[in-house]
Each structure stands twice: as C-alpha cells, then as structure tokens.
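Throughout, read-outs are computed from the coordinates displayed, never taken from laboratory work. Small disclaimer: the values here were computed from a predicted structure and weren't measured. For neighbour counting, all protein chains shown are included, and Cβ atoms are generated from backbone atoms with ideal geometry for every residue, glycine included.
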Ligand code: ATP
Ligand code: MG
C-alpha cells in the first residue's frame, strides 16, 4: 500500500516551538527519510476562518508566514507538496457528504473542540463551521488517502473521528477511503509543549509562545522570564523538575552534544535534574543553558527564513505549484467518492440506459 502523509497548520499566527517539536521536526525527518510515496502539508486557511470569520485579513497575512516557517524548518517543495486548503474546492464538497455520516452528539463530544469552545468563550454562539471542523479535517486527510498523520496530541480526537467516517463511508458505499494512523512524538515533552507561562499548551491564541521567527533577543527575554518552580527561591533550595517549564523544554530540545557544547560540567540531563532537585542550582544557570540549546536549533531556521523572505514571489509560486499537485489527487478521490455514492449521473451510462428502458416499456 502507498504510504502518504497529510498534516497541516492553521494560519492564525506564525509557528512556534510547540508546533516544531509536536509536528514540524518530525515531518522534516520523515520527508528526508524518503520512505513515503507522497507528502501533503496543508495551510488550513478555511479551517482558520471557522473561528476567525470576522478577521479574514489575519488569516490572509498568516498564509505566507506559515509558508515561510515551513520552508525555514526544512520542508522541501521538491519532496513535499505545500498547499493552501481553500484553493481545493473538492475538500468542501467532500465535507458536505461526510456531514451525513456524523451525528451532532458525536461532534459535541470531541474533547479538543470542547476545550477550544471554552477558550474562545463561544458559549451559546458556536459557529456551525467551527463545531464541524473535525469533519472538514476528515476530508483533508482522506482526500489524499493519507495513511500517516504526524500531529500533536490535541489532534487525537480528530484522527479518531476521521477513522469513524472512513469506516462508515466504506461500509455504506464501498471501499474507497483509507483509515489514517496518527503519528505522535515518542518524546512525552513534545506531545503538548506548555507555554512559557507554564500553561497547559503553547498556543498562538494564548500569547505564551516562542516563535520560530523570534530574534535571539526576543528568545532570550522570553526564556529568562519563564515559569519555573515558584518555591525555588534561594539557589540552595531544593527545586522541582516536574512541571518546571525550563526542564520540559530541555527534555524536548536537548541533543547528544548539548552538554559538551554548553554545560560540560554535567554529563546529561539526569545529572542536571538531580542537582536541581538537591538544591544548589540556580534558575539563571538552567535558563542560560536552555537559551543556548534553543539557539542552536533556531539559528539555522532563522537563516533559512531570511533567505526565503528575500523571494516572497517565489514562495507564493511554491504554494501555487503544491496546490495544483494536491488538487489533481483531490479530484481523483472525489470522483471515486461520487462513483461509490452513485451521484455520477452523467457518467453512468448504465443508469441512463436503464431509465430509458423503463420508460420505453411503459
Ligand atoms: P490555534 O490557537 O489557532 O488553534 P495552535 O497553536 O493550536 O493554533 P494549530 O495550527 O491548531 O496551532 O496546530 C498545528 C499543529 O501543531 C497540530 O498538529 C497540533 O497538534 C500541533 N501543536 C500545536 N500546539 C502544540 C504544542 N503546544 N505542543 C505540541 N504540538 C502542538
Ligand atoms: Mg489549535
């Protein structure tokens, strides 16, 4: 069976280091491993409009920001199709058919959507488009017959919803669609990276992000004012590592050579954690170390972004090309879907003949 990746991001802001460890870094590794037949990376502007209907300008501006972030982390347009969701009308069409396979009660049970509704204070005025975005996500995934979806943990309910739609569709209309598998990071710290304020999730909407495009100075300031252990006041105090955001980020970003390069008096993260727990290790020292580790990762990303920023026309061309490639695949799947659902009246010669016979014999 063909191995296909589909994943994407909402253009509601620039991408941050939570996106990076939760999904982007993995995508680049998978892309470069060369084990996949096709890779589709989607800028989900139509989905972003489901809770930004009154602010299309914000979505529009961020399409190019997300594209720049993609290219800067190493997504390569000759290996991955980078495309824009709204330019593929097959996706909306497919969503309309899938809506008949999902109940309202099922949508209302989605825990990620539930918490997003609370966060956005929609209360009793939830846009229908927002509540149904998991169905549109099922279209995004299935139209490319994606087998693998590398995403953060918050996307688990969406993949489950997609698998249910696939099963329902295939058992009702015939085997057309493919059930996708979620690909979560094996590193626990990367599943849902917390914000710099220690809040549950780093999120564009919560203003607690370190962006991939932040300058060194911005990153330094954010790291130095990060949430640690509120009870670790004196350097000599014993400190807590669990729930300490600096250590969570170190868990997510540390590399084999990080200690040798930036903190050679420790062998590894376990030693550093033990010292912090015992007391005698100050927050400034661990923050400076984290800053160095982050900069190591972010510097090449910034450099590549800077290069692409000099050729914005070229970046739009990359998106246009990726979108054209993606559209071809979407057209093919939609035709198969309509065949299976028997809503292909004009192509179905048998149907026309049978109807004609019926009336002739009357
Ligand atoms: P928004 O607030 O607009 O929803 P977001 O920051 O949640 O933005 P999305 O575009 O919804 O970002 O998510 C894109 C991808 O990044 C998804 O795969 C999601 O699981 C992953 N992701 C987002 N935030 C994090 C995080 N803090 N840690 C790990 N993965 C994340
Ligand atoms: Mg989100």
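Points to keep in mind about this one:
- Cα convex hull of the stretch 15-99, projected area averaged across orientations, nm²: 6.7 nm²
- Between helix 312-341 and the chain: long-axis angle, C-alpha atoms, 0 to 90°, nearest 10: 40 degrees
- The stretch 172-224: relative contact order as a whole-number percent, Cα under 8 Å and 6+ apart: 19 percent
- Our summary gives the stretch 1-112 a relative contact order of 33 percent, counting only alpha carbon pairs under 8 angstrom and 6 or more residues apart.
- Inter-label distance, nm, simple model (7 Å from Cα along the C-beta direction), residue 215/residue 237: 3.4 nm
- Rounded to whole Å, the principal axis extents of the Cα atoms in the stretch 153-299 read 67, 30, 30, largest first.
- Full extension of the segment from residue 55 to residue 1, taken as 0.36 nm per residue of separation minus the current Cα-Cα distance, would add 15.3 nm.
- Counting only alpha carbon atoms, the long axis of helix 156-173 and the longest principal axis of the chain meet at about 20°.
- Neighbour-count ranking [beta-carbon atoms within 10 angstrom, fewest first] of 148, 306: 306, 148
- Ellipticity estimate at 222 nm from DSSP helix runs (n ≥ 4, -39,500 (n - 2.57)) divided over the chain, nearest 500: -16500 deg cm²/dmol
- Projected over all directions and averaged, the alpha-carbon convex hull of the chain occupies 22.2 nm².
- Coordinate range of the alpha-carbon atoms in the stretch 115-214 per principal axis, descending: 49, 38, 22 Å.
- Under the Debye formula (equal points on every Cα, no solvent term), log10 I(q)/I(0) of the stretch 277-358 at q = 0.27 Å⁻¹: -1.15
- Cβ-based exposure ranking for 121, 58, in which fewest neighbours within 10 Å come first: 121, 58
- Residue order, fewest to most surrounding Cβ atoms within 10 angstrom, among 227, 144, 122: 122, 227, 144
- Across the chain, C-alpha contacts under 8 Å between residues 6 or more apart give a mean separation that, scaled by the residue count, equals a relative contact order of 22 percent.
- Net lengthening on full extension, residue 265/residue 311 (0.36 nm per residue, minus Cα-Cα): 12.2 nm
- The fraction of all Cα pairs in the stretch 211-261 landing in successive 5 Å bins from 0 to the largest distance is 4, 17, 18, 24, 22, 12, 3, 0, given as whole percents.
- Computed from Cα atoms, the angle from the helix 283-309 axis to the main principal axis of the chain rounds to 40 degrees.
- Panel note: the C-alpha atoms of the stretch 1-157, placed on their principal axes, show extents of 46, 35, 28 Å (largest first).
- Pairwise Cα distances in the stretch 229-298 exceed 21 Å for 17 percent of all pairs.
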